[in-house]
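**Student:** Sharing a structure, written as structure tokens. Questions coming.
The values are calculated or read from the model by the stated rules, or taken from the named source; none is laboratory data. These numbers were taken from a predicted model, which means no experiment stands behind them. Don't worry about glycine lacking a Cβ; one is built from the backbone with ideal geometry, like all the others, and counts go over all protein chains shown.
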Amino acid sequence: AGGNRVQVYTDELRVPVQQKIAAEARVRRALAGDPRLTLPLWFQPVVSTETGRIVGAEALVRMRTPDGEILSPFHFIEAAEETGLIVPLGEHVLRTAVEHLLQWSDRLGYISVNVSPRQLAEPDFVPMVESVLAALPGFDRSRLVLEITETALFTSAVDVSERLNALKRLGVRIALDDFGTGYSSLTWLKSLPADIVKLDRSFVAGLAEDARKASIIEAVLWLARSLGMSTIAEGVEEQADWEALRTAGCPAVQGYFFSKPLPSPEFEAMLLKSIER
Ligand code: C2E
Ligand code: CA
Ligand code: CA
């Protein structure tokens, strides 16, 4: 793909070109304000293993088509990345996520938002985040978490560590997403100012029956703690895995066992229930 980048495709992962062009046109329409084609955020709770309560949420974008179908990011994020539409799409996601956080203010600790490598590389990204925050005097900025993946390190010409430092100076927190799936996870930990490690679900699913996974998780938990970082285990689907993570001292988890991502009214209802318990 140029430079020393290599991309691997399999047939299942490849979105046909025609579909990509259609996806691009739809993202454009949605961003232009077409009321029949929207980009709502769904929310997946992050749950404390200590209290069983919701401590935060990850905002995950969806596309709602004119016939009411809800499409996952798989169908349009890649096209948005390739065309640069991810930049306005990312701004929409950030602004909408912060609006929801304010609406749930005294019930939800934080919201995390995914930031693609292309967005992070954009010269205007830090000023854009700053302008969103500047409009909210008194807002505790650590309640906004930006999730970055390791690919940001290689696909971008900018100094990622400098960029993340600039974001940290604004007061937001940084999470390393899909941790463990890349080729340089330790470099990532060594050089980047992050607050949270999100352990990828490939290490989490089935860990209760897999001693090797359990050992890796214990080691990552220890490493993160030693570096002053918190850990969230992703993709917790089974009660046994949830219990194993709690026993291992993983502070927070996310996954279908507790809840799938939900549209905002349903997430809000769940949040209210979590507080009442
Ligand atoms: P991600 O950031 O790793 O998000 C987690 C994905 O795992 C979500 O898929 C979520 O629904 C799914 N998931 C959560 N719990 C479980 C579980 O227990 N088991 C399994 N098998 N899956 C689980 P989703 O919502 O389809 O998002 C897919 C990816 O699309 C995200 O992966 C993220 O990379 C990207 N994405 C989503 N929203 C945005 C966005 O607003 N901006 C950008 N740049 N990327 C986004
Ligand atoms: Ca994420
Ligand atoms: Ca992830």
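**Student:** Answer yes if at least one residue in the range 207-216 is more than 15 Å from A175 (Cα to Cα), crowded, with 21+ Cβ neighbours inside 10 Å and not polar (S, T, N, Q), and no otherwise.
**Tutor:** yes
**Student:** Still on this structure: Go through (1) crowded, with 17+ Cβ neighbours inside 10 Å; (2) modelled with pLDDT under 95; (3) more than 16 Å from ligand 3 (Cβ to nearest atom) for S185 and report which single condition fails.
**Tutor:** It fails just one condition, (3).
**Student:** Looking at F139, F125, F76, which is the one that is under 20 Å from I21 (Cβ atoms), crowded, with 17+ Cβ neighbours inside 10 Å and either away from ligand 2 (no atom under 16 Å from the Cβ) or not basic (K, R) (or both)?
**Tutor:** F76
**Student:** Are any residues in the range 1-52 at pLDDT below 95, among the charged types (D, E, K, R) and part of a loop (DSSP other than H, G, I, E, B), and if so, which ones?
**Tutor:** Within the range 1-52, R5, D11, E12, R14 qualify.
**Student:** Give me the residue from the range 239-256 that is crowded, with 16+ Cβ neighbours inside 10 Å and outside any helix (DSSP H, G or I) and, out of that set, farthest from ligand 1 (Cβ to nearest atom).
**Tutor:** Among those that are crowded, with 16+ Cβ neighbours inside 10 Å and outside any helix (DSSP H, G or I), it is P251.
**Student:** Kindly indicate the residue of the range 53-80 that is in a loop (DSSP other than H, G, I, E, B) and within 21 Å of E147 (Cα to Cα) and also farthest from ligand 3 (Cβ to nearest atom) among those meeting that condition.
**Tutor:** Of everything passing the filter in the range 53-80, F76 is farthest from ligand 3 (Cβ to nearest atom).
**Student:** Just to check your reading of the model, which residue among A214, A224, A219, A205 is of a type outside the set (S, T, Y) and touching a Leu at 6+ places or on another chain (Cβ under 6 Å)?
**Tutor:** When all the criteria are applied, what remains is A214.
**Student:** Looking at S274, S264, which one is more than 16 Å from ligand 2 (Cβ to nearest atom), touching a strand residue (DSSP E or B) at 6+ places or on another chain (Cβ under 6 Å), touching a residue at least 40 places away in the same chain (Cβ under 8 Å) and within 30 Å of Q103 (Cβ to Cβ)?
**Tutor:** Result of the check over S274, S264: S274.
**Student:** Return the residues of the range 105-119 that are within 22 Å of S48 (Cβ to Cβ) and either modelled with pLDDT under 95 or among the charged types (D, E, K, R) (or both); say none if nothing qualifies.
**Tutor:** S105, D106, R107
**Student:** Among the residues of the range 32-47, write down those that are in contact (Cβ under 8 Å) with a residue 60 or more places away in the chain and surrounded by fewer than 17 Cβ atoms within 10 Å (Cβ to Cβ).
**Tutor:** P40
**Student:** Right, something else. Yes or no: the range 122-139 includes at least one residue that is among the polar types (S, T, N, Q) and closer than 18 Å to P263 by Cβ.
**Tutor:** no
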